[in-house]
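**Student:** Quick one: the structure is below, questions incoming.
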Amino acid sequence: MRDCWYADNRDLIKWGVLLRLAEKFEARRVVYLAYYRPSTFGQLIIDGQKRDIPEEVIAHFRNLRTVGSMGSNVRVTVFDPVFESEDRHTYLQAVHALLQAFAQEPCVVFLDPDTGLEPRKAGAKHVLNREAKAVWERMKAGDLFVFYQHQTNRAGQPWIESKREQLANALCVPIDAIRKAHAPDIADDVVFFFTPKGLTTGCSGRATGRP
């Protein structure tokens, strides 16, 4: 997630979906894995002179951390160290430590990459299949896994079901276990996949949920 995209229509859908899912699955916390990458904003030109946008304006309109203070019965924990695709291992280790801190309460664990699950050529905009699985395996029974997926093509071809299948394969769960939420009347280029964590058997044949 980048600063420049915060508080657009997709965020309206995003946080509407997350709070409704928290309500539905009786979770009192959203653990927001932001996959944060800071943005560089352009300059203003006022009477021919270049001026930076004031920091307080950026902080008000484009600071994704402010979602942590949203007035709601559901608490939001924002995990926002800068995501570097060259150091994914360190990032993932920090995610695992964060999840351990909430081992005693059911959580919505939300992965929010810029684009979604890895394509053939993955970069900083994507979560790798193995990373999604690693987060899933360290979640406890009763948590809810939620994943942001942006449209993967511009040619009008179907894209949601192929990504749904890819995520099911990555997590080693049946495709029917991956459900979706979206709001095409607000933004038709984004979908949210979700699945609750239970004491299920993964690809390795061992129980993936933790009591």
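The values are calculated or read from the model by the stated rules, or taken from the named source; none is laboratory data. Nothing here was measured: the structure is a model prediction, and the numbers come from that model. Methodologically, a virtual Cβ is constructed for each residue, glycine included, from the backbone with ideal geometry; neighbour enumeration extends over all protein chains shown.
**Student:** Which condition number does GLN104 fail, the rest of (1) surrounded by fewer than 17 Cβ atoms within 10 Å (Cβ to Cβ); (2) over 27 Å from GLY198 (Cβ atoms) being met?
**Tutor:** Result: GLN104 passes all but (2).
**Student:** Return yes or no: is ARG62 farther than 28 Å from ARG179 by Cβ, basic (Lys, Arg) and modelled with pLDDT under 85? Break it down into steps so the answer makes sense when it comes.
**Tutor:** Values: farther than 28 Å from ARG179 by Cβ: yes; basic (Lys, Arg): yes; modelled with pLDDT under 85: yes.
Yes; evaluated as a whole, the condition is true for this residue.
**Student:** Also, I was wondering about something else. How about the range 134-163: which of its residues are touching a residue at least 40 places away in the same chain (Cβ under 8 Å) and of a type in the set (D, E, K, R)?
**Tutor:** Answer for the range 134-163, where residues must be touching a residue at least 40 places away in the same chain (Cβ under 8 Å) and of a type in the set (D, E, K, R): GLU137, ARG138, LYS140, ASP143, LYS163.
**Student:** Return a yes/no flag: does the range 55-63 have any residue that is charged (D, E, K, R), exposed (fewer than 15 other Cβ atoms within 10 Å of the Cβ), in a loop (DSSP other than H, G, I, E, B) and over 17 Å from the mean Cα position of the chain (by Cα).
**Tutor:** Taking the range 55-63 first, the residues charged (D, E, K, R) are 55-56, 62.
The next check asks that each one be exposed (fewer than 15 other Cβ atoms within 10 Å of the Cβ); those that pass are 55-56.
Then drop every residue that is not in a loop (DSSP other than H, G, I, E, B), which leaves none.
No: the range 55-63 contains no residue that is charged (D, E, K, R), exposed (fewer than 15 other Cβ atoms within 10 Å of the Cβ), in a loop (DSSP other than H, G, I, E, B) and over 17 Å from the mean Cα position of the chain (by Cα).
**Student:** Six or more apart or on different chains, Cβ under 8 Å: which pairs go from a residue in the range 183-196 that's modelled with pLDDT of 95 or more and of a type in the set (Ser, Thr, Tyr) to one that's assigned to a strand (DSSP E or B) and surrounded by 21 or more Cβ atoms within 10 Å (Cβ to Cβ)? Could you list them?
**Tutor:** Here the result reads THR195/LEU144; THR195/PHE145, each pair linking the range 183-196 to a residue that is assigned to a strand (DSSP E or B) and surrounded by 21 or more Cβ atoms within 10 Å (Cβ to Cβ).
**Student:** List every residue pair whose Cβ atoms sit under 7 Å apart, with the two residues 6 or more apart in sequence or on different chains, where the first one lies in the range 8-27 and is within 10 Å of VAL74 (Cα to Cα) and in contact (Cβ under 8 Å) with a residue 24 or more places away in the chain and the second, anywhere, is buried (at least 19 other Cβ atoms within 10 Å of the Cβ) and aromatic (Phe, Trp, Tyr).
**Tutor:** Going by the 7 Å Cβ cut-off, the qualifying pairs are LEU18/PHE110.
**Student:** Now for a separate question. Output the residue which, of all residues in the range 69-90 that are touching a residue at least 12 places away in the same chain (Cβ under 8 Å) and part of a helix (DSSP H, G or I), is farthest from GLU23 (Cα to Cα). Quick ask: steps written out before the conclusion?
**Tutor:** If we filter the range 69-90 for residues that are touching a residue at least 12 places away in the same chain (Cβ under 8 Å), which is where we start, we get 70, 72-85, 88.
In the following step, the residues that additionally are part of a helix (DSSP H, G or I) were identified as 85, 88.
Numbers: SER85: 33, ARG88: 32 Å.
The extreme case among them is SER85.
**Student:** How many residues, within the range 154-171, are of a type in the set (A, V, I, L, M, F, W, C) and modelled with pLDDT under 95? Even if it seems obvious, please write down each step before you answer.
**Tutor:** Taking the range 154-171 as the starting set, the residues that turn out to be of a type in the set (A, V, I, L, M, F, W, C) are 155, 159-160, 167-168, 170-171.
Going one step further and asking which of them are modelled with pLDDT under 95, we end up with 155, 159-160.
The number of residues fulfilling the criteria is 3.
**Student:** Which one is surrounded by the fewest Cβ atoms within 10 Å (Cβ to Cβ) among residues in the range 70-92 that are under 18 Å from the mean Cα position of the chain (by Cα) and at pLDDT below 80?
**Tutor:** Within the range 70-92, the match that is surrounded by the fewest Cβ atoms within 10 Å (Cβ to Cβ) is MET70.
**Student:** Across the range 20-54, which residue is modelled with the lowest pLDDT among those that are exposed (fewer than 12 other Cβ atoms within 10 Å of the Cβ) and of a type in the set (Asp, Glu)?
**Tutor:** ASP47
**Student:** Within the range 141-153, does at least one residue satisfy the condition of being at pLDDT below 90 and farther than 19 Å from LEU18 by Cα? Explain how you work it out, then say what you get.
**Tutor:** Keep residues of the range 141-153 that are at pLDDT below 90, which gives 152-153.
Applying the additional criterion that residues be farther than 19 Å from LEU18 by Cα yields 152-153.
Yes; the residues of the range 141-153 include at least one that is at pLDDT below 90 and farther than 19 Å from LEU18 by Cα.
**Student:** Test of understanding: among VAL95, VAL135, which residue is β-branched (Val, Ile, Thr), closer than 17 Å to PHE194 by Cβ and surrounded by 15 or more Cβ atoms within 10 Å (Cβ to Cβ)?
**Tutor:** Working: VAL95 fails: closer than 17 Å to PHE194 by Cβ.
When all the criteria are applied, what remains is VAL135.
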